[in-house]
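What follows is one structure encoded as structure tokens, with my remarks underneath.
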Amino acid sequence: MKFLRAALPALSVVLAAGAAQAADDWEFSVSPFVWGPGIVGDGQVPPDGPSADIDITFKDILSHITGAFMGTAEARYGRFGVLGDAAFVKFTVKPDVELGGTPVINSKVAVSTNATTIAGFGRVYESDRGSIDLLAGARYSDFKLKAGISQPGQPGKTSENEINNWQPMIGIRGDVRSGEHWTLAAYGDYAGLGDGNLKTWQAQATASYGFNEHSSLYGGVRVYNLEVRGRKVDSNLTMAGPIFGYRYTF
């Protein structure tokens with residue numbers, strides 16, 4: 001599967017390095033997480049047709065999900081490091097859709113989306129209370145959309161589109177520590193600089209509770225936006241929802 005070929009190299013490099021028990025100056029972390037997004041946006045099927053408004057709740061996705069993989073891994077040496085982040089979701093639903101302002105009687109949407117980010121980072125600010133990192137790297141995006149819609153007295157419309165490529169990515173993240181156990185963190189990036197038929201950005205805000213120097217739990221909100229301009233479908237979709245994860249540092 002394409003998402004595994006893209007995600008596993010980034011994660012395995014970090015994990016293998018950690019298993020080698022590098023010097024004390026190296027710090028490694030792994031973080032499986034669960035993300036529960038809903039999807040809102042619009043699309044045109046085909047691109048020169050009327051616009052369709054899409055609103056899919058996480059409850060709909062959860063009931064019809066057919067595949068998922070989510071995780072983050074990181075290695076840091078002093079002020080510099082590398083990270084890998086992968087989120088893959090595949091589902092088929094029959095959502096409420098409006099086409100040209102008129103509700104659609106019958107609709108079916110199958111979506112497969114994978115975002116795998118590999119980036120290096122440098123720490124530009126650090127104190128006892130917090131830190132700021134700048135990131136630069138690449139994101140592999142694989143987006144598949146198959147849609148079928150019909151209205152009374154009109155022929156049905158179907159469309160299928162797939163776009164996958166690597167995009168240059170820039171980003172920033174920071175954290176603020178509050179007391180002995182709590183940390184507030186924020187992250188944002190943008191991928192798709194220059195001309196292209198796929199542009200993405202994502203943002204995340206979390207609060208984490210550290211049980212000790214190795215283990216912590218975190219929760220918050222993650223937002224991922226993708227803009228696709230293809231031969232068969234033009235779409236601008238936003239996936240947003242709560243995120244919960246566990247981080248182990250060694």
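The values are calculated or read from the model by the stated rules, or taken from the named source; none is laboratory data. Just so it is clear, the model here is predicted, and its values are computed rather than measured. When we count neighbours, we look across all protein chains shown, and the Cβ atoms used for this are built from the backbone with ideal geometry, even at glycine. Accessible surface is based on the protein model in full, side chains and every heavy atom, while ligands, DNA and RNA are left aside. Shrake-Rupley method; radii C 1.70, N 1.55, O 1.52, S 1.80 Å.
Miscellaneous remarks
- Whichever residue in region 219-248 is open to solvent by less than 30 Å² (accessible area, probe 1.4 Å) and of a type in the set (Ser, Thr, Tyr) and, among such residues, is modelled with the highest pLDDT: Tyr224
- Test for Ala17: is it modelled with pLDDT under 85, in contact with a strand residue (DSSP E or B) (Cβ under 6 Å, 6 or more places away or on another chain) and within 26 Å of Arg247 (Cβ to Cβ): yes
- Of the residues making up region 174-188, those that are more than 15 Å from the chain's Cα centre (by Cα) and part of a strand (DSSP E or B) are Gly174, Asp175, Val176, Arg177, Ser178, Trp182, Thr183, Leu184, Ala185.
- Residue match in region 129-143 (condition: at pLDDT 95 or above and aromatic (Phe, Trp, Tyr)): no
- Exactly one residue out of Ile54, Ile65 is open to solvent by less than 60 Å² (accessible area, probe 1.4 Å), under 25 Å from Asn165 (Cα atoms) and either at pLDDT 75 or above or not small (Gly, Ala, Ser) (or both), and it is Ile54.
- Residues that are open to solvent by less than 20 Å² (accessible area, probe 1.4 Å) and either in a strand (DSSP E or B) or at pLDDT 85 or above (or both) within region 42-51 comprise just one, Gly43.
- Scoring Lys94 on the criteria (1) modelled with pLDDT under 85; (2) open to solvent by less than 70 Å² (accessible area, probe 1.4 Å) leaves a single failure, condition (2).
- Screening Ala191 with (1) open to solvent by 40 Å² or more (accessible area, probe 1.4 Å); (2) at pLDDT below 95 gives one miss only, at (1).
- Entry remark, region 51-80: residues being without any contact (Cβ under 8 Å) to a residue 24 or more places away in the chain and hydrophobic (A, V, I, L, M, F, W, C) number 1 in total.
- Selected residue (criterion: farthest from Val30 (Cα to Cα)) from residues of region 194-218 that are of a type outside the set (A, V, I, L, M, F, W, C), within 19 Å of the chain's Cα centre (by Cα) and open to solvent by less than 30 Å² (accessible area, probe 1.4 Å): Thr200
- Scope region 144-171; condition surrounded by 15 or more Cβ atoms within 10 Å (Cβ to Cβ) and at pLDDT 70 or above; matching residues: Lys144, Leu145, Lys146, Glu162, Ile163, Gln167, Met169, Gly171
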